[in-house]
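Novice: This structure is in structure tokens; I'll ask about it shortly.
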Amino acid sequence: MNGQRIKSVNRRVTGKQTMFATTAVAAAVIAVLHFGMPSQNANAAVAPVDKNIPSASVQIAPPSFSKLIEAVQPAVVSIASSHPQTRGGMMQRPDFEFPEGSPFKKFFEEHSQRQVPEGRPNGEMQAMGSGFIVDPDGYIVTNNHVVEGAGEITVILHDGTRHTAKVKGRDPKTDLALLKIETSEELPYVRFGDSEKAKVGDWVVAVGNPFGLGGSVSAGIISARGRDIQSGPYDDYLQIDAPINRGNSGGPLFDASGKVVGVNTAIFSPSGGNIGIGFAIPSTLAEPVIAELKSDGRVARGWLGVHIQSIDEALAETMNLDQEEGALVSSVEPGSPAQRSGVKVGDVILEFGGEEVEDARSLPRMVADTDKGDTVSVTVWRDGKRESLQVILGSLPGEETVAITESRDVDDGAPKLGVSLSALSAEAKKHLKLSDDEVGVLIVDVLADSPAARHGLQRGDIISRIGQTTVTKPDEVVTAVKQAAKEKHKTVLLLIKRDGMSRFVAVPLEQA
């Protein structure tokens, strides 16, 4: 159950496009301050449509959101990030058509694209997104696709001051990222609300900077919950009709009480503009991810090691199941916790850790919420009867990244190469079309303007040796680099493999 990375590209969903709401122009986001607003809602009785349907109490829209917006202004941030561009081009702009001579034509052309001159191999494209402050010390939440692959990242505060930001951690599987800026001032900040209490029909407000038009506020309701837009294994989006567009990525969605209940992430649109269907990551999913990124710089998830599918009526009948529930195991990864515990192809996982598995979508989230090394009771349906297995979960392959780009809270003088590393798992080998006997450590990220970046290292490169020592684990790379620094070496010699070709690269060591 390895997830797909969420990317800032158009996604196909039921024949239409789901687009992540990043724009290439200026975008600002307004986040809710940690204090709430007095309720301005009123209740009104609604006459029943049928005598068997009881009367309901409905929240009437407040006469104005102005006080709430005034309260949140100090927490506004805009995130500007530069991305390498190897040839002339521009970021995607809104597909509007205007008659010749229209003042809007020139306005949108100037504010919705970023031209990179031809012939500049090292040119950069400027992308903009939104974010909100969650800690007075300068921690900022945004979408992963806003900063993924970015070079320099700049955060513009509400008062116009600009700060260079560092990526504290990213989680592509949930499309969340945490940035950090350094400032001597205590910043206004946001507190998450409880999205589990948000109901379909509740009022919500989205704030951001669509198409670079300036800070914009839109209101609407929660249209649906638990939406799966095929962007990753943990999809559980809130669907909203508050208008959001490209440029709103990473901005907050908050309820009428002033709490952030979602992170605006994607739109569902055939044209790229708002049609009243937007998606936000619920706060109950975002908050624990952000907490882990803040403490560890990454998210550690449990790993079971099975590929699954949902049970439909035909499968349930064939397998003598009373209900269309559970997750059918279609394959078991060799050497995985599932294989070691006796899970077999054709098993239907009915319960995980004492909780019922409703369908194939729910199991990945249940496994991800369980710590590596935990022993979990798993109930399966096999040969017409229930069986109980004990599974010791592993760590999700590809997530054992070791960030050696910067030190932890204490500066221990550790050397920096500017790369994040992962074990070369069976899945990674398959994805990179490598042989099963390939050894090495996978580079999963390269920090812009780092020694590694300046000497041509790229994501997807494999470090097979450091000096004369073969490496197979991220920790071995870290140890070898530290040892080289301890011995006063100015560079470290890496054997890099890319596209089937190997070459040595001498990378200078820089102290943290």
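Novice: Confirm whether Gln483 is within 23 Å of Gly149 (Cα to Cα), at pLDDT 80 or above, surrounded by fewer than 17 Cβ atoms within 10 Å (Cβ to Cβ) and polar (S, T, N, Q).
Specialist: Criteria not met by Gln483.
Novice: Also, I was wondering about something else. Please work out which residue is farthest from the chain's Cα centre (by Cα), limiting yourself to region 168-191 and to residues that are buried (at least 24 other Cβ atoms within 10 Å of the Cβ) and part of a strand (DSSP E or B).
Specialist: Looking at the filtered set, the residue picked out is Leu179.
Novice: For region 269-277, check the following and say yes or no: at least one residue is buried (at least 22 other Cβ atoms within 10 Å of the Cβ), in the same structural domain as Leu178 (by TED's automatic domain parsing) and either touching a strand residue (DSSP E or B) at 6+ places or on another chain (Cβ under 8 Å) or closer than 16 Å to Leu238 by Cα (or both).
Specialist: Checking region 269-277: not a single residue is buried (at least 22 other Cβ atoms within 10 Å of the Cβ), in the same structural domain as Leu178 (by TED's automatic domain parsing) and either touching a strand residue (DSSP E or B) at 6+ places or on another chain (Cβ under 8 Å) or closer than 16 Å to Leu238 by Cα (or both).
Novice: Residues being crowded, with 24+ Cβ neighbours inside 10 Å and either more than 16 Å from the chain's Cα centre (by Cα) or more than 22 Å from Tyr189 (Cβ to Cβ) (or both): count how many of those fall in region 243-252.
Specialist: 4
Novice: Right, here's the next one. Six or more apart or on different chains, Cβ atoms under 8 Å: show the pairs whose first residue is in region 453-465 and in contact (Cβ under 8 Å) with a residue 12 or more places away in the chain and whose second is in a helix (DSSP H, G or I).
Specialist: Partner pairs satisfying both residue conditions: Ile463/Val477.
Novice: Restricting to region 439-450, what's the tally of residues that are surrounded by 14 or more Cβ atoms within 10 Å (Cβ to Cβ) and at pLDDT below 85?
Specialist: Residues flagged as surrounded by 14 or more Cβ atoms within 10 Å (Cβ to Cβ) and at pLDDT below 85 within region 439-450 amount to 6.
Novice: Do you know which residues across region 129-167 are in a strand (DSSP E or B), of a type in the set (A, V, I, L, M) and within 20 Å of Val446 (Cβ to Cβ)?
Specialist: Selection gives Ile153, Ala165, Val167.
Novice: Contact list please: Cβ distance under 6 Å, first residue in region 277-289 and on the phi < 0 side of the Ramachandran plot, second residue in a helix (DSSP H, G or I), pairs at least six apart or on different chains.
Specialist: Pro282/Ser195; Ser283/Ser195; Thr284/Ser195; Thr284/Glu196
Novice: Also, quick follow-up: Condition check: in a strand (DSSP E or B), assigned by TED's automatic domain parsing to the domain that holds Asp228 and surrounded by 23 or more Cβ atoms within 10 Å (Cβ to Cβ). Does Ile281 satisfy that?
Specialist: Here the answer is yes, as Ile281 does meet what is asked.
Novice: Here's a follow-up. Would you be able to tell me the number of residues in region 449-468 that are over 13 Å from Ile496 (Cβ atoms) and either in the same structural domain as Pro172 (by TED's automatic domain parsing) or in contact with a Ser or Thr (Cβ under 8 Å, 6 or more places away or on another chain) (or both)?
Specialist: Looking only at that region, the number is 1.
Novice: Quick check: anything in region 311-331 under 26 Å from the mean Cα position of the chain (by Cα) and among the acidic types (Asp, Glu)?
Specialist: Within region 311-331, none of the residues are under 26 Å from the mean Cα position of the chain (by Cα) and among the acidic types (Asp, Glu).
The values are calculated or read from the model by the stated rules, or taken from the named source; none is laboratory data. Small disclaimer: the values here were computed from a predicted structure and weren't measured. All Cβ positions, glycine included, derive from the backbone under ideal geometry; neighbour counts span all protein chains shown.
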